[in-house]
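To start, the structure itself, in structure tokens.
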């Protein structure tokens, strides 16, 4: 299968490009890690492959609609409320 065929088939199945899919998976993994380590945003960003914490923050905000620090705080508060 050629690259262009792969991209078309991938988009048909996932409704996004392979790069968009990879970015979404990385950001979802970061969100899980932030729940466990809410005070270590820079380390989380590096652990999912971002060399720039500011780029990570921009893409995180674009994906989830909130800054990573605010999302981590919200998750921590919700976790304490259910504990």
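Here are some notes:
- Checked against (1) farther than 21 Å from residue 19 by Cα; (2) modelled with pLDDT of 95 or more; (3) exposed (fewer than 14 other Cβ atoms within 10 Å of the Cβ), residue 67 meets all criteria but (3).
- Inter-residue pairs, beta-carbon under 6 Å, first closer than 13 Å to residue 39 by Cβ and in segment 55-78, second at pLDDT below 95 and in a loop (DSSP other than H, G, I, E, B), 6+ apart: 72/38; 76/38
- Selection of segment 29-80 for residues being assigned to a loop (DSSP other than H, G, I, E, B) and over 10 Å from the mean Cα position of the chain (by Cα) yields 37, 38, 39, 40, 49, 50, 51, 52, 65, 66, 67.
- Just one of (1) under 18 Å from residue 61 (Cα atoms); (2) surrounded by 13 or more Cβ atoms within 10 Å (Cβ to Cβ) fails for residue 10. It is (1).
- Odd one out for residue 62, checked against (1) surrounded by 13 or more Cβ atoms within 10 Å (Cβ to Cβ); (2) at pLDDT 95 or above: (1)
- Residues satisfying the stated conditions in segment 17-34, i.e. loosely packed, with under 14 Cβ neighbours inside 10 Å and in contact with a helix residue (DSSP H, G or I) (Cβ under 7 Å, 6 or more places away or on another chain): 17, 18
- Test: residue in segment 11-20 that is without any contact (Cβ under 8 Å) to a residue 40 or more places away in the chain, on the phi > 0 side of the Ramachandran plot and not in a helix (DSSP H, G or I): yes
The values are calculated or read from the model by the stated rules, or taken from the named source; none is laboratory data. Bear in mind the structure is a predicted one, so any value in this text is a computation, not a measurement. Cβ atoms come from the backbone with ideal geometry, glycine included; neighbour counts cover every protein chain shown.
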